[in-house]
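**Q** Supplied in structure tokens, the structure appears directly below.
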Amino acid sequence: MNKTRRLTVIALLAAISFVLMVFPQFPLIPGATFLKIDFSFVPVLIGALMLDLKSGYAILILRSLLKVLLNNSGVNDYIGLPMNIVAMGVLLTVIMLMVGHRELTVKRFIAGSILGTVGLTLAMVILNYVYAVPLYAMFANFDIKATIGLGTYLLWMVIPFNLIEGIILTAVAGLVFVALRRVVTNTHSQLN
């Protein structure tokens, strides 16, 4: 496999992922308009399926660096972006572990998507509890504990948002993969 071609595919998918991270974004949970979904995970997963898990991580990190360098939202990115990297990394890892080096089947993809969504949600509950809520209170004057309560926030906003997000992202990625299956399969065989 040509290393230059691999790096080109990674860079291209990272750029697409960055664009999808910036636009479109929309909230899923009424009353929690600050929790927004974007579709930047789709190129990350497609890249991992096309190349390998390590390349998926590279796309994820590169798109995050592009976000910080080209579209920085200040404290929101400094606190939220590491959480996003962890969440999407968990989802990606679980899906790729379920798929493995075997042929990608709908059954394996769905199982990986379900387990990955559960892992993503669990990771976000823990990260919000120990990391985000205290830091937002300290640096952004946004004290969730004081305004709506930590339990309410985690149970009625974080958990439903991440479950819905995982379902939507994996469904969209699955549909895109099916549409691009020949391209992905051919690229995978040429690049590996």
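**Q** For the condition under 25 Å from Arg5 (Cα atoms) and of a type in the set (S, T, N, Q), what is the one hit in Ser73, Ser55, Ser113?
**A** Going through Ser73, Ser55, Ser113 in turn, the sole match is Ser55.
For every residue, the table says whether it meets (1) at pLDDT 95 or above; (2) in contact with a helix residue (DSSP H, G or I) (Cβ under 6 Å, 6 or more places away or on another chain); (3) not hydrophobic (A, V, I, L, M, F, W, C).
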{"site": "Ala48", "(1), (2), (3)": "no, yes, no"}
{"site": "Gly74", "(1), (2), (3)": "no, no, yes"}
{"site": "Gly89", "(1), (2), (3)": "yes, no, yes"}
{"site": "Ile114", "(1), (2), (3)": "yes, no, no"}
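**Q** Considering only region 29-43, state which residues are within 28 Å of Ile144 (Cβ to Cβ), in contact with a helix residue (DSSP H, G or I) (Cβ under 6 Å, 6 or more places away or on another chain) and of a type outside the set (D, E, K, R).
**A** Listed by number, the residues that qualify are Ile29, Ala32, Leu35, Ile37, Phe39, Ser40, Phe41.
Here's the yes/no breakdown for (1) of a type outside the set (Asp, Glu); (2) over 15 Å from the mean Cα position of the chain (by Cα); (3) open to solvent by 10 Å² or more (accessible area, probe 1.4 Å); (4) more than 19 Å from Met124 (Cβ to Cβ):
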residue	(1), (2), (3), (4)
Ala11	yes, yes, yes, yes
Pro24	yes, no, yes, yes
Ile29	yes, yes, yes, no
Phe34	yes, yes, yes, no
Ile37	yes, no, no, no
Phe41	yes, no, no, no
Leu60	yes, no, no, no
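**Q** With the condition kept exactly as written, say whether any residue in region 150-172 is within 16 Å of Leu91 (Cβ to Cβ) and modelled with pLDDT under 95. If you could, list the steps in order and put the result at the bottom.
**A** Of region 150-172, the ones within 16 Å of Leu91 (Cβ to Cβ) are 158-159, 161-172.
Those left that are additionally modelled with pLDDT under 95: none.
The answer is no, given that none of the residues of region 150-172 is within 16 Å of Leu91 (Cβ to Cβ) and modelled with pLDDT under 95.
**Q** Pairs only if they're at least six apart or on different chains, beta carbon under 6 angstrom, first in region 135-150 and free of Cβ contacts under 8 Å to residues at least 60 places away in the same chain and assigned to a loop (DSSP other than H, G, I, E, B), second surrounded by 13 or more Cβ atoms within 10 Å (Cβ to Cβ) and of a type outside the set (Phe, Trp, Tyr); list them, first residue then second.
**A** Cβ pairs passing all conditions: Asp143/Ala137.
**Q** Also: With the structure loaded, tell me whether Ala179 is in contact with a helix residue (DSSP H, G or I) (Cβ under 7 Å, 6 or more places away or on another chain) and modelled with pLDDT under 90 or whether it fails that test.
**A** It is false that Ala179 is in contact with a helix residue (DSSP H, G or I) (Cβ under 7 Å, 6 or more places away or on another chain) and modelled with pLDDT under 90.
**Q** Could you tell me which numbered condition Leu104 fails, if it satisfies all but one of (1) over 24 Å from Gln25 (Cα atoms); (2) surrounded by fewer than 16 Cβ atoms within 10 Å (Cβ to Cβ); (3) modelled with pLDDT under 95?
**A** With (1) over 24 Å from Gln25 (Cα atoms); (2) surrounded by fewer than 16 Cβ atoms within 10 Å (Cβ to Cβ); (3) modelled with pLDDT under 95 applied to Leu104, the lone miss is (2).
**Q** With Met98, Met83, Met124, Met88 as the choices, which residue is surrounded by 21 or more Cβ atoms within 10 Å (Cβ to Cβ), of a type in the set (A, V, I, L, M) and touching a Leu at 6+ places or on another chain (Cβ under 7 Å)?
**A** On inspection, the qualifying residue turns out to be Met88.
**Q** Which helices (runs of 4 or more DSSP H) does region 10-104 wholly contain that include 2 or more residues that are touching a residue at least 24 places away in the same chain (Cβ under 8 Å) and closer than 20 Å to Val158 by Cα?
**A** 75-99
**Q** Just the residues that are of a type outside the set (Phe, Trp, Tyr) and open to solvent by 20 Å² or more (accessible area, probe 1.4 Å), please, taken from region 139-148.
**A** Hits for region 139-148 are Ala140, Asn141, Asp143, Lys145, Ala146, Thr147, Ile148.
The values are calculated or read from the model by the stated rules, or taken from the named source; none is laboratory data. Keep in mind the model is a prediction, meaning the values are calculated, not measured. As a convention, Cβ positions derive from the backbone with ideal geometry for all residues, glycine included, and neighbour counts pool all protein chains shown. The protein model used for the area step is the full one, side chains on, heavy atoms only, and it has no ligands, DNA or RNA in it. Shrake-Rupley method; radii C 1.70, N 1.55, O 1.52, S 1.80 Å.
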